[in-house]
Amino acid sequence: MKEKIDQAKILLEALPYIKRYSNEIFVIKYGGSAQTSPELKDKFARDIVLMYLVGIKPVIVHGGGSAIGKMLDRLQVDSHFIDGLRVTDAQVMEVVEMVLSGSINKEISALLNEHGAKAIGVSGKDASMLKAQPVDMAKYGYVGDITEVNPKIIHDLIDEKFIPVIAPIATASISGHPGFNINADIAAGHIAASLKAHKIIFMTDTAGVLDCENELIHTLTKDEIDRYKEKGTIAGGMIPKVDACLHAVNGGVKKAHIIDGRIEHALLLEIFTSEGVGTVIK
Ligand SMILES: Nc1ncnc2c1ncn2[C@@H]1O[C@H](COP(=O)(O)OP(=O)(O)OP(=O)(O)O)[C@@H](O)[C@H]1O
Ligand SMILES: [Mg+2]
């Protein structure tokens, strides 16, 4: 009986958060690096469905770097990185779209639907939601910088009680153009700002942002981020993440979190408990 009462207490602990966040939009960036085992993916889907059923409006933006790499290897398409960006020629772009917009996007939306949500998978090309231009065509090919976000389609889907699941691909608005490969962190940051989301949460494969002694940094400001980037403490895949956090917060999002997607139910711990996990940027 005591155990049951303790369970009820845990549920009640979530009550103030449920009240506070009901009807708020949360953008969740689901990193390719956090999409590891089928069990973890299933738990992620259940966490999102729980958020949705208590009245939060989740919007998922997903990555998929390692899955793209595996498919390129399987199809024996050569590709390489410059400055952490995958050089994307027309052939690579075809695979990027196939993996992101095809396999991963549909896997996530199907999983959410299996657990009782109404999820719909789209890419930034749909309804011209994300428009982009080349970062540097000669150097990186079809890697794009976002120039415009049209959040109307996302609002329409949310109003119809859908959970939008968005692949980070943008349109060039030119007939016959293959579109652009967008870093998923940057896409999530732009989408969160355009939606004026309450929170953006990045789920990745580290405890959060780590300092030079590999200790978790609990909170970060813009100045601290600049210093850590200069020192090289924040590097590689963490750079677009902190940049996207700053973009979102400057665009009106209240808080940006970077959390460990490898921990079971990390999302629920972050949202519904007083402790919180990972790094927060306000
Ligand atoms: N200061 C830092 N703290 C934590 N991680 C860091 C730091 N600097 C660099 N990193 C790297 O950033 C990585 C996370 O970014 P990465 O792009 O690999 O994953 P993701 O964005 O979650 O996945 P995907 O790009 O597939 O969507 C970490 O695994 C780590 O190697
Ligand atoms: Mg990344």
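Are any residues in the range 30-46 near ligand 1 (Cβ under 9 Å from one of its atoms) and buried (at least 20 other Cβ atoms within 10 Å of the Cβ), and if so, which ones?
Tyr30, Gly31, Gly32, Ala34, Gln35
Would you point out the residue of the range 1-43, among those that are touching a strand residue (DSSP E or B) at 6+ places or on another chain (Cβ under 7 Å) and assigned to a helix (DSSP H, G or I), that is farthest from ligand 2 (Cβ to nearest atom)?
The qualifying residue farthest from ligand 2 (Cβ to nearest atom) is Ala34.
Considering only the range 202-247, how many residues are surrounded by 12 or more Cβ atoms within 10 Å (Cβ to Cβ) and at positive phi?
1
Based on what the data block shows, is Phe202 at pLDDT 95 or above, among the aromatic types (Phe, Trp, Tyr) and in contact with a helix residue (DSSP H, G or I) (Cβ under 6 Å, 6 or more places away or on another chain)? Reasoning before the result, please.
Numbers: at pLDDT 95 or above: yes; among the aromatic types (Phe, Trp, Tyr): yes; in contact with a helix residue (DSSP H, G or I) (Cβ under 6 Å, 6 or more places away or on another chain): yes.
It is true that Phe202 is at pLDDT 95 or above, among the aromatic types (Phe, Trp, Tyr) and in contact with a helix residue (DSSP H, G or I) (Cβ under 6 Å, 6 or more places away or on another chain).
Condition (residue is more than 16 Å from ligand 1 (Cβ to nearest atom), assigned to a loop (DSSP other than H, G, I, E, B) and either over 19 Å from Ser109 (Cβ atoms) or touching a Phe, Trp or Tyr at 6+ places or on another chain (Cβ under 8 Å) (or both)) applied to the range 164-171: is it met by at least one residue?
The answer is no, given that none of the residues of the range 164-171 is more than 16 Å from ligand 1 (Cβ to nearest atom), assigned to a loop (DSSP other than H, G, I, E, B) and either over 19 Å from Ser109 (Cβ atoms) or touching a Phe, Trp or Tyr at 6+ places or on another chain (Cβ under 8 Å) (or both).
Somewhere in the range 167-178, is a residue surrounded by 16 or more Cβ atoms within 10 Å (Cβ to Cβ) and either farther than 23 Å from Arg86 by Cβ or among the charged types (D, E, K, R) (or both)? Give the steps one after another, and end with the answer.
So in the range 167-178, the residues surrounded by 16 or more Cβ atoms within 10 Å (Cβ to Cβ) come out as 167-172, 178.
Those left that are additionally either farther than 23 Å from Arg86 by Cβ or among the charged types (D, E, K, R) (or both): none.
No - not one qualifying residue is present in the range 167-178.
Would you confirm, using the coordinates I've provided, whether Leu216 is touching a Gly at 6+ places or on another chain (Cβ under 6 Å), in contact (Cβ under 8 Å) with a residue 24 or more places away in the chain and more than 13 Å from ligand 2 (Cβ to nearest atom)?
Against the criterion (touching a Gly at 6+ places or on another chain (Cβ under 6 Å), in contact (Cβ under 8 Å) with a residue 24 or more places away in the chain and more than 13 Å from ligand 2 (Cβ to nearest atom)), Leu216 qualifies.
Give Val61, Val49, Val27 a once-over and let me know the one that is surrounded by fewer than 22 Cβ atoms within 10 Å (Cβ to Cβ) and among the β-branched types (Val, Ile, Thr).
Val49 is the lone residue from the list that is surrounded by fewer than 22 Cβ atoms within 10 Å (Cβ to Cβ) and among the β-branched types (Val, Ile, Thr).
Show the residue pairs that are 6+ apart or on different chains and have beta-carbon atoms under 6 Å apart, the first residue being within the range 59-75 and modelled with pLDDT of 95 or more, the second being within 8 Å of ligand 1 (Cβ to nearest atom) and of a type in the set (D, E, K, R).
Filtered contacts from the range 59-75: Val61/Lys29.
For residues that are more than 17 Å from Thr36 (Cβ to Cβ) and in a loop (DSSP other than H, G, I, E, B), scanning just the range 53-70, find the one that is nearest to ligand 2 (Cβ to nearest atom).
Ile56
Which pairs do you get when a residue that is farther than 17 Å from Ala188 by Cβ and without any contact (Cβ under 8 Å) to a residue 40 or more places away in the chain, found in the range 222-249, comes within reach of a residue that is among the hydroxyl-bearing types (Ser, Thr, Tyr) and away from ligand 2 (no atom under 12 Å from the Cβ), reach meaning Cβ atoms under 6 angstrom, with the pair 6+ apart or on two chains?
Matching pairs, first to second residue: Ile234/Tyr228.
Any idea which of Ser101, Ser109 is touching a residue at least 60 places away in the same chain (Cβ under 8 Å) and under 16 Å from the mean Cα position of the chain (by Cα)?
Only one candidate passes the filter, namely Ser101.
Show the residue pairs meeting these rules: Cβ distance below 6 Å; 6+ apart or different chains; first residue within the range 26-37 and touching a residue at least 60 places away in the same chain (Cβ under 8 Å); second residue of a type in the set (S, T, N, Q) and within 12 Å of ligand 2 (Cβ to nearest atom).
Listed by first residue and then by second, the contacts come to Gly31/Thr204; Gly32/Ser66; Ser33/Thr204; Ala34/Thr204.
For the range 214-245, name all the residues that are away from ligand 1 (no atom under 11 Å from the Cβ) and more than 19 Å from Tyr30 (Cβ to Cβ).
Of everything in the range 214-245, those that are away from ligand 1 (no atom under 11 Å from the Cβ) and more than 19 Å from Tyr30 (Cβ to Cβ) turn out to be His218, Thr219, Thr221, Lys222, Asp223, Glu224, Asp226, Arg227, Glu230.
To keep it simple, each residue is scored yes or no on (1) over 18 Å from the mean Cα position of the chain (by Cα); (2) more than 14 Å from Glu270 (Cβ to Cβ); (3) among the β-branched types (Val, Ile, Thr).
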| position | (1), (2), (3) |
| --- | --- |
| Ala14 | yes, no, no |
| Ser22 | yes, yes, no |
| Ala34 | no, no, no |
| Asp47 | no, no, no |
| Leu53 | yes, yes, no |
| Gln76 | yes, yes, no |
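Is there a residue being part of a helix (DSSP H, G or I), of a type outside the set (D, E, K, R) and crowded, with 19+ Cβ neighbours inside 10 Å anywhere in the range 71-89? Quick ask: steps written out before the conclusion?
Start the filter on the range 71-89 by keeping residues that are part of a helix (DSSP H, G or I), which leaves 71-74.
If we keep only those that are of a type outside the set (D, E, K, R) too, we end up with 71-72.
Keeping just the survivors that are crowded, with 19+ Cβ neighbours inside 10 Å gives none.
Taking every residue of the range 71-89 in turn, none turns out to be part of a helix (DSSP H, G or I), of a type outside the set (D, E, K, R) and crowded, with 19+ Cβ neighbours inside 10 Å.
The values are calculated or read from the model by the stated rules, or taken from the named source; none is laboratory data. Small disclaimer: the values here were computed from a predicted structure and weren't measured. Neighbour counts run over all protein chains shown; Cβ positions are idealised from the backbone, glycine included.
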